[in-house]
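Take a look at the structure below.
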Number of protein chains: 2
Amino acid sequence: MADDRSKDSATTPEWSGPMDGDLASIAFLARSLGDENRLRILLCLGEEKKAVGSIVQELNLSQPLVSHHLKELKRSLLVKIERSGPFVYYQLADPSILGIMGALHLLARELLTRRTSF
Amino acid sequence: MADDRSKDSATTPEWSGPMDGDLASIAFLARSLGDENRLRILLCLGEEKKAVGSIVQELNLSQPLVSHHLKELKRSLLVKIERSGPFVYYQLADPSILGIMGALHLLARELLTRRTSF
DNA sequence: CTATTATATCAACCATCATTTATATGTAAA
DNA sequence: TTTACATATAAATGATGGTTGATATAATAG
């Protein structure tokens, strides 16, 4: 049982291909979604670009904290940046982000209700 | 600027409702998906229940590590457990988990290709 | 009972991360 | 230039989390 890499394509259910370094990207994205304040920021961004100050005021978080999380969201490419004067506007990089959050929300509800009803 | 909780329903894009403690559940789920080894375990589980030893051998990970991650996946309700003799079989709690992983994979590919092509 | 197999837990170490406070950078106006 | 505002960064701290190695529990066979 030295090493065996010959059973990849047997149990690939939804995607096709190697999935080598892709799992790292998926994990990286998921970790970026794994913070409540970042989720609030993404949800607050919605579909309109907003400046940092607006997010700070809207979510009632400290400005360095919002800035830090925005930096993290930028690192994971989940938001796009646009400067205009002294303002920096952040925007969702892709609308599917909200869809994924919705799917996670649905899954969480499902798992929790399944848990309490059994 | 003491406190203001009067602008909730203005910018809810995809779901409806309070989203109060739901974001915590979403973040919890996302954090559980935010580890490459756990993703490999979920992907390895696929749709058939497998014992711990099978996962250990299939992914070439140490048994305590797999057991620890399975415990974490159980804590987030992403897997179901079924004992049979000395074996403990783990199974995906919901098939939509693979769909969410696929969506994250698609988003990652999209964001990365968008990044390198601009 | 002992022995063996399957799985879980414990302890320790190291890394990552979220948060706060303070400070720095940058931009625009007077 | 100074002043004011918007945002970013630094340093420090506390908490959480992944990994390894050793050990413990559980079930079964002999």
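The values are calculated or read from the model by the stated rules, or taken from the named source; none is laboratory data. This one's a predicted model, so the numbers in the text were calculated from it and none came from an experiment. Ideal geometry is used to build each Cβ from the backbone, glycine not excepted, and the neighbour counts take in all protein chains shown. Note: areas computed on protein heavy atoms with side chains; ligands, DNA, RNA excluded. Shrake-Rupley method; radii C 1.70, N 1.55, O 1.52, S 1.80 Å.
Inspect region A:47-55 for any residue being more than 10 Å from DNA strand D (Cβ to nearest atom), under 24 Å from B:LEU111 (Cβ atoms) and either within 12 Å of chain B (Cβ to nearest Cβ) or of a type in the set (Gly, Ala, Ser) (or both) and give the result as yes or no.
Yes; the residues of region A:47-55 include at least one that is more than 10 Å from DNA strand D (Cβ to nearest atom), under 24 Å from B:LEU111 (Cβ atoms) and either within 12 Å of chain B (Cβ to nearest Cβ) or of a type in the set (Gly, Ala, Ser) (or both).
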Worksheet item: Mind checking whether some residue in region B:83-99 is more than 8 Å from chain A (Cβ to nearest Cβ) and of a type in the set (Gly, Ala, Ser)?
Response: yes
Worksheet item: Exactly one of (1) open to solvent by less than 30 Å² (accessible area, probe 1.4 Å); (2) more than 14 Å from DNA strand C (Cβ to nearest atom); (3) not small (Gly, Ala, Ser) is unmet by B:PRO95. Its number?
Response: (1)
Worksheet, complete the sentence: Among the residues of region B:80-97, the number that are closer than 21 Å to B:VAL56 by Cβ and in a helix (DSSP H, G or I) is 1
Worksheet, complete the sentence: Taking first residues from region B:25-49 that are under 25 Å from B:PHE87 (Cα atoms) and second residues anywhere that are open to solvent by 10 Å² or more (accessible area, probe 1.4 Å) and of a type in the set (Phe, Trp, Tyr), the pairs with Cβ under 6 Å that are 6 or more apart or on different chains are B:LYS49/B:TYR89
Practice prompt. From the list B:LEU107, B:LEU77, B:LEU61, B:LEU111, pick out the single residue that is outside any helix (DSSP H, G or I), farther than 25 Å from A:ARG114 by Cα, open to solvent by less than 80 Å² (accessible area, probe 1.4 Å) and more than 9 Å from DNA strand C (Cβ to nearest atom).
Written response: B:LEU61
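Can you tell me which residue within region B:58-71, out of those that are within 15 Å of DNA strand D (Cβ to nearest atom) and farther than 15 Å from B:ILE81 by Cα, is farthest from the other protein chains (Cβ to nearest Cβ)?
Only one residue fits best here, namely B:PRO64.
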Practice prompt. Name every residue in region A:39-55 that is within 12 Å of DNA strand C (Cβ to nearest atom) and either buried (at least 17 other Cβ atoms within 10 Å of the Cβ) or closer than 19 Å to B:ARG114 by Cβ (or both), in order of residue number.
Written response: A:LEU39, A:ARG40, A:ILE41
Fill in: Subset of region B:64-74 [among the aliphatic types (A, V, I, L, M) and loosely packed, with under 15 Cβ neighbours inside 10 Å]
B:LEU65
